[in-house]
Amino acid sequence: MTYSTTASAAGQPVAMDATYRKIAWRLIPFLVFLFVLAWIDRVNVGFAKLSMLQDLQFSEAIYGLGAGIFFIGYFLFEVPSNLLLEKIGARKTLARITILWGLTSMAMAYVTTPTSFYVLRFLLGVFEAGFFPGVVLYLTYWFPAQRRARVNGLFMTSFAIAGAVGGPIAGLIMSGMEGVGHLANWQWLFILEGIPSLVAGLLVLKYLPEKPVNAPWLTAAEQQAVTQALVAENTGAGKHLSFKDACSNYRVWICAAVYFCVVSGNATIAFWAPSIIKEIGIKGTLQIGLISAIPFIAGTLAMVWNGIHSDKTGERRMHSAVATLIASVGLVATGLTLGNATIALISLTVAAIGILAAFPVFWSIPAAFLAGTAAAGGIALINSIGNLAGFVAPYMIGALKTSTGSLSSGLYFVAALEFLASFLVVVFVKKQQ
């Protein structure tokens with residue numbers, strides 16, 4: 001139950017709805033901005049691919065392995081990064097992550113061999129590791145469980161916003177910087193999209209407060225009321241507090257399996273949407289970039305709506321399962337209709353709606369039974385294992401396309417994983433979550 005007012009330790013009434021709106025307006029836009037930069041630097045290789053592969057004589061399989069190897073580094077360093085965040089704080093952790101991934105993204109402009117491609121993509125994963133679960137953990141320092149699906153949804157619009165703005169920006173850079181200086185257009189893409197991350201990393205240190213008690217824009221009464229609500233929630237019955245508790249809880253591993261399936265779809269539309277759109281007959285990097293924004297715009301709306309509706313009803317399970325089922329249907333339809341540009345684009349948009357709508361509600365599930373160090377480690381563990389799909393899906397799609405000459409078989413593979421996510425949620429996730 002959500003209360004609109006409560007009393008602080010000093011006995012002053014605090015309008016909690018207004019307080020949480022104030023917190024959201026202060027934190028969410030900046031966190032979204034950071035994630036948009038991270039996501040663009042992670043997936044801009046999908047646009048660079050349109051000319052990079054020919055320039056460097058890379059195969060589709062080399063690209064698929066390089067795109068996916070990011071998630072190996074991500075997997076290995078995710079849990080340590082989040083446990084470190086719990087110890088040293090969000091400001092230092094997020095600043096370090098943002099600056100290092102920006103530098104690595106810029107270095108991608110100087111890839112010349114498959115080995116250098118693999119090494120830099122691996123390092124990009126190492127340096128970005130901990131950002132997404134770090135933000136998910138950071139939001140638990142501010143918002144109670146009953147408000148998190150909505151807040152997660154607002155933050156996770158960064159996925160969709162990055163896709164919506166990243167495509168046109170990448171297309172504009174690659175079309176506008178062709179023939180400029182001694183660099184190819186894909187090299188300019190990596191450099192120009194890496195610079196903003198360096199600046200943003202410095203802004204993190206100046207702008208981001210650690211916890212409610214450090215926020216100068218909250219009154220003392222508001223700081224106390226928010227802190228009290230979180231302390232009461234995190235010391236309640238049924239909460240797991242240690243990392244050992246998280247590792248021994250079967251629900252953490254079920255969540256990791258579900259998230260693996262969900263992320264496979266997200267990685268597919270992130271890394272392969274430009275290629276899918278090119279395959280259905282769209283020509284020109286700028287046109288591909290503009291059209292690739294359509295599925296992400298639709299996914300943004302679905303993500304926000306699903307998070308709000310889930311918080312309003314208090315239901316998590318079916319909001320997640322239905323979303324991943326829609327994703328599965330959309331991916332199958334995309335594979336079946338690659339010969340028809342209009343229907344294939346509609347199908348890809350349906351897939352994006354389902355994939356993106358699943359994220360905010362899913363992340364409310366583990367936060368319902370984890371707190372403290374268990375939340376730091378458990379959320380990172382779920383995210384790191386789940387994000388291995390970011391390696392598996394691009395690699396499998398690339399390998400299947402190399403062997404079959406078509407993207408369809410890869411899309412069916414990912415569709416099966418999305419269906420498996422629906423099955424796991426329905427069978428194993430408790431209804432009250």
Give the residues of segment 111-147 that are closer than 20 Å to V32 by Cβ, modelled with pLDDT under 85 and open to solvent by 10 Å² or more (accessible area, probe 1.4 Å), sorted by residue number. T140, R147
Select, from E86, E78, the only residue that is assigned to a helix (DSSP H, G or I), in contact with a Ser or Thr (Cβ under 7 Å, 6 or more places away or on another chain), of a type outside the set (K, R) and open to solvent by 60 Å² or more (accessible area, probe 1.4 Å). E86
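Evaluate segment 343-361: report whether one residue or more is farther than 20 Å from M303 by Cα, more than 21 Å from the chain's Cα centre (by Cα) and surrounded by fewer than 24 Cβ atoms within 10 Å (Cβ to Cβ).
At the first step, the residues of segment 343-361 found to be farther than 20 Å from M303 by Cα are 343-344.
The next check asks that each one be more than 21 Å from the chain's Cα centre (by Cα); those that pass are 343-344.
Subset that is surrounded by fewer than 24 Cβ atoms within 10 Å (Cβ to Cβ): 343-344.
Checked segment 343-361: at least one residue is farther than 20 Å from M303 by Cα, more than 21 Å from the chain's Cα centre (by Cα) and surrounded by fewer than 24 Cβ atoms within 10 Å (Cβ to Cβ).
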If a residue has to be open to solvent by 50 Å² or more (accessible area, probe 1.4 Å) and part of a helix (DSSP H, G or I) to count, how many in segment 18-61 make the cut? 8
Residue under question is V231, and the condition is that it be in a helix (DSSP H, G or I), out of contact with any Pro (no Cβ under 9 Å at 6 or more places or on another chain), of a type outside the set (S, T, Y) and surrounded by fewer than 16 Cβ atoms within 10 Å (Cβ to Cβ); does it hold? yes
Taking the criterion of being farther than 19 Å from A170 by Cβ, modelled with pLDDT of 80 or more and in a helix (DSSP H, G or I), would at least one residue in segment 9-16 satisfy it? yes
Cβ pairs under 6 Å, 6+ apart or interchain, first in segment 183-202 and within 21 Å of Q54 (Cα to Cα), second among the small types (G, A, S) and open to solvent by 20 Å² or more (accessible area, probe 1.4 Å), ordered by first then second residue, are W186/S51
Is it true that E279 is buried (at least 17 other Cβ atoms within 10 Å of the Cβ), at pLDDT 80 or above and among the charged types (D, E, K, R)? no
Of the residues in segment 282-299 that are surrounded by fewer than 24 Cβ atoms within 10 Å (Cβ to Cβ) and within 20 Å of the chain's Cα centre (by Cα), the one that is farthest from V43 (Cα to Cα) is A298
Subset of segment 115-146, residues within 30 Å of Q223 (Cα to Cα) and assigned to a helix (DSSP H, G or I), comes to F131, F132, P133, G134, V135, V136, L137, Y138, L139, T140, A145, Q146
Is it the case, given these coordinates, that T402 is touching a Leu at 6+ places or on another chain (Cβ under 7 Å), on the phi < 0 side of the Ramachandran plot, open to solvent by 10 Å² or more (accessible area, probe 1.4 Å) and part of a helix (DSSP H, G or I)? no
Only unsatisfied item for F159, checking (1) without any contact (Cβ under 8 Å) to a residue 12 or more places away in the chain; (2) in contact with a Gly (Cβ under 9 Å, 6 or more places away or on another chain), is (1)
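Let me confirm something: among I288, I343, I294, which residue is touching a residue at least 24 places away in the same chain (Cβ under 8 Å) and out of contact with any Lys or Arg (no Cβ under 7 Å at 6 or more places or on another chain)? Outline the logic, then answer.
Values: I288 fails: out of contact with any Lys or Arg (no Cβ under 7 Å at 6 or more places or on another chain); I343 fails: touching a residue at least 24 places away in the same chain (Cβ under 8 Å).
Step by step, each of I288, I343, I294 is checked, and only I294 is touching a residue at least 24 places away in the same chain (Cβ under 8 Å) and out of contact with any Lys or Arg (no Cβ under 7 Å at 6 or more places or on another chain).
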The conditions are (1) more than 18 Å from A389 (Cα to Cα); (2) open to solvent by 10 Å² or more (accessible area, probe 1.4 Å); (3) part of a helix (DSSP H, G or I); (4) not acidic (D, E), and S328 fails exactly one of them. Which is it? (1)
State all residues of segment 155-172 that are out of contact with any Ser or Thr (no Cβ under 9 Å at 6 or more places or on another chain) and open to solvent by 20 Å² or more (accessible area, probe 1.4 Å); if no residue qualifies, say none. V165, I169
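The values are calculated or read from the model by the stated rules, or taken from the named source; none is laboratory data. Predicted model only: the values in this text are computed from it and were never measured. We place every Cβ from the backbone using ideal geometry, glycine too, and count neighbours over all the protein chains shown. Only protein heavy atoms, including side chains, enter the accessible area calculation; ligands, DNA and RNA are left aside. Shrake-Rupley method; radii C 1.70, N 1.55, O 1.52, S 1.80 Å.
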